[in-house]
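Comments concern the structure below.
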């Protein structure tokens, strides 16, 4: 058998980055041609709608490939969590180990979220982005995006009207198959997987062995499927970024909110520096090692705006390229993808103060401390899907007495900022998994695999 040469092979994160750049350049070229910029009329739900020819081309012939790529990742998200968590919990062989790792994991996630919210408040109070928005710009934005914002407000209103224990009540599913049929019920799947894993620990070893063997094999199959799906990642992100550029709002709206975006980006950048510092201080791993190991997951998170969709890749990169043992990744990362939303909580803090400033409101220290607590709790309950932070932001605004209509002010540029904050969420998941692994003696050397490791070709 001939050994396949891997010299000169372009790394996955570079392929993804090239795909992103190609998607952006392709769409910019289209929208700046006379043909692409010209409008055509189509029927949408029986109503005549004007759309550019570039937008029509991308919507019909390019965007579907990006949608298929995201769907493929979402397809294996629930099986991955079930297999990896059941395997991870049952491998602990001791309830005390589970509680030890669980408390450390949740405590660390809450700690980093509090840091993120605090950073967001400091940055937005220093930059004061809301004071640069004129009355005319604000009115235009509210008129343009009031419908979309209204949908988010309505969704959030349902959550606000629920009882204080509603979130706790919804943790326990009444039907695991129903819960597993919707990626939005990820917490319910996690609860069932942990419960199932505990059951495996408590029964005799000879009874649990066949079940563990099944889930071990099932987990390996899912991981291999991830490798195969990632072969399409450069093409998937090309389609996603091409669609984003064509569908983006006008430049005038972005310019009107430039200082708000800058505030969010500064805060997110500081948060990534904190992750790097924590990893270096507690594990001794250099920044380059950490960033190179997690970069493909970061780029995918940026493209999809979904921690849940990125979870399979995050787990693979953390285990194979950062040296975290599977026992830790299979427990820490699925939980992190659901409750660790540092980027989202930072954004909520910045957005709340920005909207208050835009409406001429001055929030005292007590009100801003309330934002810290509310944003932290809201980020824990936020779904790991694109745009979920907008729904939870309404709860933060209501707590601080900020007009909810102000949501329309930031609706225009939420998507690109969502991409950035999801990148921070995923980076935080990876950093915390390394910290937990180090604390329990489960951090070793990287053992990278290739998608074709188990393929045999005849010479």
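The values are calculated or read from the model by the stated rules, or taken from the named source; none is laboratory data. A quick note: this is a predicted structure, and the numbers were derived from the prediction, not measured. Reconstructed Cβ throughout: ideal geometry from the backbone, glycine too, with neighbour counts over all protein chains shown.
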Mind checking which residues of segment 60-100 are modelled with pLDDT of 80 or more, part of a helix (DSSP H, G or I) and either touching a helix residue (DSSP H, G or I) at 6+ places or on another chain (Cβ under 7 Å) or surrounded by 19 or more Cβ atoms within 10 Å (Cβ to Cβ) (or both)?
-> 63, 65, 66, 69, 72, 78, 79, 82, 83, 86
When (1) in a helix (DSSP H, G or I); (2) farther than 27 Å from residue 318 by Cβ; (3) at pLDDT 85 or above are applied to residue 221, the one that fails is (2)
For segment 351-368, indicate whether the set of residues that are within 23 Å of residue 445 (Cα to Cα) and in a helix (DSSP H, G or I) is non-empty.
-> no
Quick one: which of 254, 289, 282, 331 is at pLDDT below 85, surrounded by fewer than 24 Cβ atoms within 10 Å (Cβ to Cβ) and not in a loop (DSSP other than H, G, I, E, B)?
-> 254
One residue from 164, 173 being modelled with pLDDT under 85 and assigned to a loop (DSSP other than H, G, I, E, B) | 164
In segment 11-23, how many are part of a helix (DSSP H, G or I), surrounded by fewer than 16 Cβ atoms within 10 Å (Cβ to Cβ) and at pLDDT below 85?
-> 1
Looking only at segment 292-311, decide whether some residue is touching a strand residue (DSSP E or B) at 6+ places or on another chain (Cβ under 6 Å), over 24 Å from residue 117 (Cα atoms) and crowded, with 24+ Cβ neighbours inside 10 Å.
-> no
Scan segment 292-328 for residues that are outside any helix (DSSP H, G or I), at pLDDT below 85 and on the phi < 0 side of the Ramachandran plot and jot them down.
-> 306
